[in-house]
Amino acid sequence: MLQSRLVSPEGQVVEAMFASAAEPAGSLRWLPPVEGTVVGALLNYRGELEALGDALSAPPYQAPPKAPILYLKPANTRIGHDHDVVLPADVDGVWAGACLGAVIGRTAMGVPARHAADFIAGYTIVNDLTVPHASYYRPAIRHKCRDGFCPMGPWMVDRDDVPDADALDITVRINGEIKQRANTSTLVRPVAQLLADVTAFMTLEAGDVLLVGMPENPPLARAGDRIDIDIAHIGTLTTALIRQSEVSR
């Protein structure tokens, strides 16, 4: 089952459920399927760590991470499927960050990995738009928290309708051309272990979203580009990038 949120031109929010992929009727527009806090994990794909190589053992890092490196995508970043993102004047391009989002179903604190599924309501797709940068281990607020930098959706797919969250094909297309392929089988911390490690020190509430990571070598997208992120068994999240000068056209 697909659970969605849509909004009418008058601002009325509509909760909708679909048995299969569907487009909203009439003038309804997609909202993010959930409204909770979005928590992301850095360096959670093996390819990311391998690409950095010995750099993680040199200053300022000194050693590879032993715990999840987390960040937040605040409320100003969240938008729905098929919305435009206005690139700020000082941003030439952004990484298209194809992320599987695990939606929390009930209060999760100190969750053992073997029981993690009991706390996950379902899964969605998140485009973790990020201004390119080379710094880890410190908050990348300027790079990740611009307005509209967390497209999400189109819907949440029930947990039981996703056969194996740790074996999902991910494809990123820019203007219809495939720019990235990945699979969640290469996660450093699989979904259950990541949830266990995060809830060992912080509580996640129903409606929060835990991003399992951004695959290595995210493609760069610029104003005028259309980004489609496909994740198997979930769907396709579409985002268009525009400049401020195009907003009033």
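What shape does the range 152-194 take by its C-alpha gyration tensor, where a ≥ b ≥ c are the square roots of the eigenvalues and a/c under 1.5 counts as rounded, a/b above b/c as prolate, and the rest as oblate? Oblate, since a/c reaches 1.5 and b/c is not below a/b.
The packing ranking, built from the mean of other Cβ atoms within 10 Å per residue, places the peptides 229-242, 191-204 in the order 229-242, 191-204, highest first. If you sort the three axes of the alpha carbon gyration tensor as a ≥ b ≥ c, you get a/c of 1.5 or more for the range 86-141 and a/b above b/c, which makes it prolate. Per-residue ellipticity at 222 nm from helix content only, as computed over the chain with -39500 (n - 2.57) for each DSSP H run of at least four residues, stands at -2000 deg cm²/dmol.
Among the trypsin sites (Lys or Arg not before Pro) in the range 66-123, those located in a DSSP loop and surrounded by at most 15 other Cβ atoms within 10 Å of their own Cβ are LYS66, ARG106.
Computed packing ranks the peptides 92-99, 10-17 as 92-99, 10-17, most packed first, by mean other Cβ atoms within 10 Å.
Loop-located GluC sites (Glu not before Pro) in the range 170-249 (DSSP state other than H, G, I, E, B) with a sparse environment of at most 16 neighbouring Cβ atoms within 10 Å: GLU205. Charge tally for ASN127 (other residues, Cβ to Cβ under 15 Å; Lys, Arg +1; Asp, Glu -1): +1. Taking every C-alpha pair closer than 8 Å and separated by at least 6 residues, the mean separation divided by the residue count of the chain gives a relative contact order of 29 percent.
When the chain is treated as a GNM with alpha-carbon contacts under 10 Å, the residue of LYS73, LYS179, LYS144 showing the greatest mean-square fluctuation is LYS179.
None of the figures in this text is laboratory data; all of them are computed from the coordinates on show. Everything numeric in this text was worked out from a predicted model, so none of it was measured. Positions of Cβ are generated from backbone atoms using ideal geometry, with glycine treated the same way; all protein chains shown enter the neighbour counts.
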